[in-house]
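Each reported figure results from applying straightforward, stated rules to the coordinates on display, with no laboratory input. These figures come from a predicted structure and were not determined experimentally. Positions of Cβ are generated from backbone atoms using ideal geometry, with glycine treated the same way; all protein chains shown enter the neighbour counts.
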Amino acid sequence: MKRTGKMTLERQLKWFDAHRRSIELDEVIYEPFWRVEDVRSSGVKTKIAHFSTPNRVMHLLSQNELWMYLSLVQMRYVVEIYEQYAIPLEFSIPIAQQLGVKHPVYIGSQGVPIVQTIDFVSTLIDGSRVAHPVKQESDALRERTMEKLSIQQAYCELEHIDYHMVTSTELRTVKSENLEALFRHRQIQPFLHSLFEIWLSNFIGCLSDDRHCRTSDIIDISSGISGINFSQAVSFFYHALWCERLSMNWTQRLKLELAASDLGIYPCN
């Protein structure tokens, strides 16, 4: 059920308080300010597992946000990702006034201000934070969009958060499509770790025998040597790529019928 009907400032502040508590209290699972079910959209909206926190679901409001999330997860120095990160109204309203732009309000609400959110705020391994608003290339050039982004950027400057806007053009890549296919293989069950290492060693041996074989054939041969079925070996292969135990040419679509040499498959050092 959407939360935006009959909006009042009190209702919105209640959501914001819950949102902030989930950031500040370790024992509370993070709650994004906006959830998938709260937002009307004709595009792709996705609920997907958090990369490290069990039972936490990421609420992503577009295909571009999904690709941005996958890109962030692949960055080994990113240790936490907050989606739909809310800016306190006590910051955003004065910022808008200082910038000389109109703060967004709910239509038909007698001027109730809309809490502004940043698509992603990530924490890095050194404790620093970086914000990533994600926009369609065409939308990013609209005057009203730029005004809203200026509020976000000014808030980040005040809070010492690095700010980097990312456009759909940067995200719409073959690598993004490959990461989307690999994400569900990012983890394997603990009891499979030893078997994975055996398979990987066998796969690398088969790869060195003939890199010009179809990738699917190399996986098939390595699965037989390792005593596992083909589908499990494929899952191990995707996991090895995700975890950077194997490298590939990310400009190539991940099609197993291609030769390993065409995909640029190599063992990582």
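Below are the figures for this structure:
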quantity	calculated
Within the stretch 9-172: Cβ-based charge dipole about Cα centre, in debye rounded to nearest 20 (Lys, Arg +1; Asp, Glu -1)	480 debye
Gained length - Ser231 relative to His164, 0.36 nm times residue gap less alpha-carbon distance	20.2 nm
Residues Asp38, Asp139, Asp26, sorted so that the one with the fewest Cβ neighbours within 10 Å comes first	Asp26, Asp139, Asp38
Structure-derived Rg and Dmax of the Cα atoms in Å: which label, when the choices are (1) 22.2, 72; (2) 24.5, 80; (3) 18.8, 58	(1)
Long pairs among Lys14/Lys45; Lys135/Lys175; Lys45/Lys135; Lys6/Lys135; Lys45/Lys148; Lys47/Lys102, criterion Cα-Cα beyond 26 Å	Lys6/Lys135; Lys47/Lys102
The chain: relative contact order as a whole-number percent, Cα under 8 Å and 6+ apart	13 percent
The stretch 31-72 and the stretch 167-194: distance between their alpha carbon centers, rounded to Å	15 Å
Of the chymotrypsin sites (Phe, Trp or Tyr not before Pro) in the stretch 121-205, those whose Cβ has at most 10 other Cβ within 10 Å and which sit in DSSP loop	none
Residue order, fewest to most surrounding Cβ atoms within 10 angstrom, among His193, His59	His193, His59
Tensor-based shape of the stretch 180-267 (alpha-carbon gyration tensor, a/c under 1.5 rounded, otherwise prolate or oblate)	oblate
Selection from Asn55, Gly108, Ile87 lying farthest towards where the dipole of the chain points positive, charges on Cβ	Gly108
Check: the stretch 117-238 dipole with +1 on Lys, Arg Cβ and -1 on Asp, Glu Cβ, in debye	200 debye
Most mobile listed residue (Arg76, Arg186, Arg214) in the chain, GNM with C-alpha springs under 10 Å	Arg76
Order of Thr169, Thr145 - criterion: other Cβ atoms within 10 Å of each residue's Cβ, fewest first	Thr169, Thr145
Gain on full stretching of the segment that runs from Gln98 to Leu192 - 0.36 nm per residue minus C-alpha separation	28.1 nm
R0 of 41 Å, Cβ-Cβ distance Thr251-Asp17: FRET efficiency to nearest 0.05	0.35
